[in-house]
Amino acid sequence: MDLDGRRESENFEDRRGMSGGTMAGMGIGGMIIIGLIALLMGGNPLEVIQSTGGLGSMTGQEENTEQTYSPEEEAQVKFCKQILASTEDVWSAVFRKEFNAQYTPPTLVIFKNSVQTNCGGATSAVGPFYCSADQKLYLDLSFFKQMETQLKSGGDFARAYVIAHEVGHHVENLLGILGKTHAQMQRSNSKQSNQLSVRLELLADYYAGVWAHYENRAFQSLDDTDMKEAINCAQHIGDNYLQEQSQGYSQPESFTHGTSEQRMRWLKRGFQTGDMQTTTFSGSYSDL
């Protein structure tokens, strides 16, 4: 992905030098790749999901000013800020055109090991996530290394897809989809709630594709290899893939993010069309 000379977002917080809360509660984005993290740690994704269903208490956060960071890690920070800036430009234009509204960008928080959020305390084991309560994305850069070494899902556009997916949840939040769906999930049984969660996750995948559509239209920054990287990543974080890898079989009724095929298809559809009228909340669940 060609980002030479591109601006960096100022909506950024660097908390790598701080120690945060250690309770791992999850905001809506916290379960995005929870199964992946469980797999990497040799655990059962279903057990991890069940054990992190609620928000925990938060401990104090202290600054550590003695840490230094490698040039490689600093390059990753720059990349994240450039991708976030691109999402700001794309979604600002889309909101003006499609909704005659102003886009309010989220803040990206980079942390190490653990962090405090308005959705509770979280650790790196949660994976990248979006907290609607403070409209911030949270990311431990070590996750990118796990993607590359454990799931063979490396590449800069695979990393961009992870960020764009979390921004997709922010778009859902601004459009009122996130809050409405959360309220509906609270009134639903476990099976129905899981299905609503899948719709939210696939829509975030779709919005990641919409971002890529307009990013490429404006800058011709992507090539065939880039999209293959993102598709490969989507394939390896499907619920069925993760469950089959960890326990030898999958349980569709427990899916919360969608199958590999669904995630790849919705990401590609967003990239191909850029159509903001498309949604994962129409039609039957079996047709997703």
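Per-structure values
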{"item": "Descending Cα extents along the principal axes, the range 148-253, whole Å", "result": "44, 38, 16"}
{"item": "Heavy-atom accessible area order for 78, 180, 112, largest first, 1.4 Å probe", "result": "180, 78, 112"}
{"item": "Total formal charge among the other residues, if their Cβ is under 11 angstrom from that of residue 119, Lys/Arg +1 and Asp/Glu -1", "result": "0"}
{"item": "For the range 143-241, with +1 on Lys and Arg beta carbons and -1 on Asp and Glu, the positive-most of 198, 222, 158 along the dipole", "result": "198"}
{"item": "Whole-percent carbon and sulfur share, accessible surface of the range 201-272, 1.4 Å", "result": "45 percent"}
{"item": "Solvent-accessible heavy-atom area per residue, rounded to whole Å², over the range 193-286 at 1.4 Å", "result": "40 Å²"}
{"item": "Rough spin-label spacing in nm, given labels placed 7 Å along Cα→Cβ, for residue 10 and residue 272", "result": "4.0 nm"}
{"item": "Hits among lysines - C-alpha to C-alpha of residue 180 under 24 Å, sequence gap 8 or more where chains match", "result": "97, 136, 191"}
{"item": "For residue 108, residues with placed amide H under 5 Å, excluding near neighbours", "result": "12, 13, 137"}
{"item": "For the range 68-226: Kirkwood Rh in Å [reciprocal of mean 1/r, alpha carbons]", "result": "16.7 Å"}
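The values are calculated or read from the model by the stated rules, or taken from the named source; none is laboratory data. Because the structure is predicted, anything quoted here is derived from the model rather than measured. Because the Cβ atoms are built from the backbone with ideal geometry, glycine has one as well, and the counts that use them run over all protein chains shown. Heavy atoms of the whole protein, side chains included, go into the accessibility calculation; ligands, DNA and RNA do not. Shrake-Rupley method; radii C 1.70, N 1.55, O 1.52, S 1.80 Å.
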